[in-house]
Amino acid sequence: MTHKPDLRPAALPSSWSHEQNGRRFSPSAARNVEPIAEALSDVLPQAGRVLELASGSGQHVAAFARLWPALTWQPTDGNGDNLASIADWAEGVANILPPVVLNACAKGWGRAHAGQDAVLLANLLHLISTPEAELLLAEAAQALAPGGVFCLYGPFRRDGALVTEGDVAFEARLKGQDPAIGYKDIGWVEGRLHAAGLVSDRLVEMPAGNLLLVTRRP
């Protein structure tokens, strides 16, 4: 890649901060934007449409759209309160469409957004239940055009086990808030995507024990 935008401001609180014009800042997004971009450089198409699920603060889509100006990016989020932040990060980036509300755990959005050359999702599966995750994965497969790629980033179990002590502590906190959520096993995720008609492309080791799973529609 020829350009990596610097989206890392000075130190901020560990939780999201609220800045001017509704812009929000996620420290985890700031940390992982560059590693994810490096991994995506080998799998994203040269041109076409990219649907980002759970865009959150908007930091990822703002960075990636600058790196891949020939791609048209559609940011979405299930929380309408995040749209102002996404739009603020995207300001002045011509290849980012206005953000829209999309509940990735709802049935039917895959066909409604069909024809995508890529679908991107980061750091959501561990925050939703297993039935919700299964529905999301099936809908993501439906959204892809032939040859389209689904890029899924986050923390996962591996053969049923958590990888790091940090993962163990984090999942314990998550389940303390809601016993239905928690880390999904990467083998289970890949199996659900295969059942939805996708084929495996690669599994990339990422910093902090995370993974980037890439699958494609034939």
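The values are calculated or read from the model by the stated rules, or taken from the named source; none is laboratory data. Predicted model, so just to flag it, every value in this text is computed and none were measured. So basically every Cβ, Gly included, is an ideal-geometry build from the backbone, and we count neighbours across all protein chains shown. Just so you know, the surface numbers come from the protein's heavy atoms only, side chains and all, with ligands and any DNA or RNA stripped out. Shrake-Rupley method; radii C 1.70, N 1.55, O 1.52, S 1.80 Å.
Work out the charge dipole of the chain with +1 on the Cβ of Lys and Arg and -1 on the Cβ of Asp and Glu about the Cα centre, then indicate which of Ser26, Ser41, Val168 is farthest towards its positive end.
Ser41
Which ³J(HN,Hα) values, rounded to whole Hz and listed in residue order, are derived for the range 69-76 from phi using the Karplus coefficients 6.51, -1.76 and 1.60 in 6.51 cos²θ - 1.76 cosθ + 1.60 with θ = phi - 60°, glycine and proline given as x?
Calculated HN-Hα couplings, in order: x, 7, 9, 9, 9, 10, x, 9 Hz.
Post the alpha-carbon centroid distance, the range 42-79 to the range 155-197, in whole angstrom.
Using only Cα atoms, the two centres lie 25 Å from each other.
Taking 0.36 nm per intervening residue step and subtracting the Cα-Cα distance, what contour gain separates Val168 from Ala208 on full extension? Don't jump to the answer; show the numbers that get you there.
Details: separation 40, 0.36 × 40 = 14.40 nm, distance 1.29 nm.
Full-extension gain reported as 13.1 nm.
Got a sec? Which residues in the range 101-124 would a label at Trp188 touch, if it sits 7 Å along Cα→Cβ and we count backbone N under 20 Å?
Of the residues in the range 101-124, 104-107, 121-124 have backbone N under 20 Å from the label point off Trp188.
Taking K and R as +1 and D and E as -1, what net charge do the other residues with C-beta under 15 Å from the C-beta of Val199 add up to?
+2
About the Cα centre of the chain, how large is the charge dipole given +1 on each Lys and Arg Cβ and -1 on each Asp and Glu Cβ? Please answer in debye to the nearest 20.
240 debye
Calculated FRET efficiency, Asn95 and Ala195, Cβ-Cβ r, R0 22 Å, to nearest 0.05?
Using R0 = 22 Å, I get an efficiency of 0.10.
Is the shape of the range 65-147 rounded, prolate or oblate, going by the alpha carbon gyration tensor and its root eigenvalues a ≥ b ≥ c, with a/c under 1.5 for rounded and a/b larger than b/c for prolate?
Verdict is oblate for the range 65-147.
State the three equivalent ellipsoid semi-axes of the chain, derived from the C-alpha gyration tensor as the square roots of 5 times its eigenvalues, in descending order and whole Å.
Gyration-tensor ellipsoid for the chain: 24, 22, 17 Å.
Remind me, relative contact order of the range 105-173 in percent, using alpha carbon pairs under 8 angstrom and six or more residues apart? Could you put the intermediate results ahead of the total?
Details: 78 pairs, mean separation 27.6, N = 69.
It comes to 40 percent, rounded to a whole number.
So if R0 is 35 Å, what FRET efficiency would Asp178 and Arg111 give, r being the distance between their Cβ atoms, rounded to the nearest 0.05? Could you put the intermediate results ahead of the total?
Numbers: r = 29 Å, r/R0 = 0.83.
Taking R0 as 35 Å, the efficiency between Asp178 and Arg111 is 0.75.
How much area per residue is accessible in the chain when the probe is 1.4 Å and only protein heavy atoms are counted (Å²)?
Ligands and nucleic acids excluded, the result is 45 Å² per residue.
Any idea what the relative contact order of the chain is, in percent, if you count C-alpha pairs under 8 Å spaced at least 6 apart?
Here the relative contact order equals 17 percent.
Given a 1.4 Å probe and every protein chain left where it sits, what share in percent of the accessible area of the chain is carbon and sulfur?
52 percent
Using only the alpha-carbon atoms, what does the range 109-200 span along each of its principal axes? Please give whole angstrom values in decreasing order.
Sorted largest first, the three principal extents are 40, 23, 19 Å.
Taking a ≥ b ≥ c as the square roots of the eigenvalues of the Cα gyration tensor of the range 163-218, is the shape rounded (a/c under 1.5), prolate (a/b larger than b/c) or oblate?
oblate
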